[in-house]
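A.B. asks: Would you mind keeping the following structure in view while I ask a few things?
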Amino acid sequence: MMQRECENLQAMAVGLRTEWSKLKAEMDNLLKKCERVKDENKSIMEELTKIYGRDAIPDLIVMESDAETESDNDEETTLSEQNQTADSRMLLEVRR
């Protein structure tokens, strides 16, 4: 009975590691896409500023700074989540 339970837990651990790897790859892909969008937005803002001047696009400038603040908060959350995941992985390794 105990051995069967251990085998089941080990199978679950393998499945969870596989799922974690897939989710991490997806997150990495999304982060890359996000960076490309940020770069594109920055380029557009620079072009608009050159064409119309900063005085003509104050609403966009405010939105840009709001987005940067939100992005900084998202990055802090992501780092925290990564640390928690690393802690969980280490715990699984120790239990093996």
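The values are calculated or read from the model by the stated rules, or taken from the named source; none is laboratory data. It should be emphasised that the depicted structure is a prediction, and the values quoted were computed from it without experimental measurement. Reconstructed Cβ throughout: ideal geometry from the backbone, glycine too, with neighbour counts over all protein chains shown.
A.B. asks: Within the stretch 57-82, which residues are of a type in the set (A, V, I, L, M) and either at pLDDT below 80 or surrounded by 11 or more Cβ atoms within 10 Å (Cβ to Cβ) (or both)?
C.D. replies: If we filter the stretch 57-82 for residues that are of a type in the set (A, V, I, L, M), which is where we start, we get 57, 60-63, 67, 79.
Within the stretch 57-82, 57, 60, 61, 63, 67, 79 qualify.
A.B. asks: Additional query: Could you check how many residues of the stretch 17-52 are among the small types (Gly, Ala, Ser) and either in contact with a strand residue (DSSP E or B) (Cβ under 9 Å, 6 or more places away or on another chain) or farther than 24 Å from residue 69 by Cβ (or both)? It would help to see each step written out before you state the result.
C.D. replies: Taking the stretch 17-52 as the starting set, the residues that turn out to be among the small types (Gly, Ala, Ser) are 21, 25, 43.
If we keep only those that are either in contact with a strand residue (DSSP E or B) (Cβ under 9 Å, 6 or more places away or on another chain) or farther than 24 Å from residue 69 by Cβ (or both) too, we end up with 21, 25.
Residues flagged as among the small types (Gly, Ala, Ser) and either in contact with a strand residue (DSSP E or B) (Cβ under 9 Å, 6 or more places away or on another chain) or farther than 24 Å from residue 69 by Cβ (or both) within the stretch 17-52 amount to 2.
A.B. asks: Turning to a different aspect of this structure: Six or more apart or on different chains, Cβ under 6 Å: which pairs go from a residue in the stretch 50-66 that's over 15 Å from residue 38 (Cβ atoms) to one that's at pLDDT 80 or above and in a helix (DSSP H, G or I)? Could you list them?
C.D. replies: 57/48
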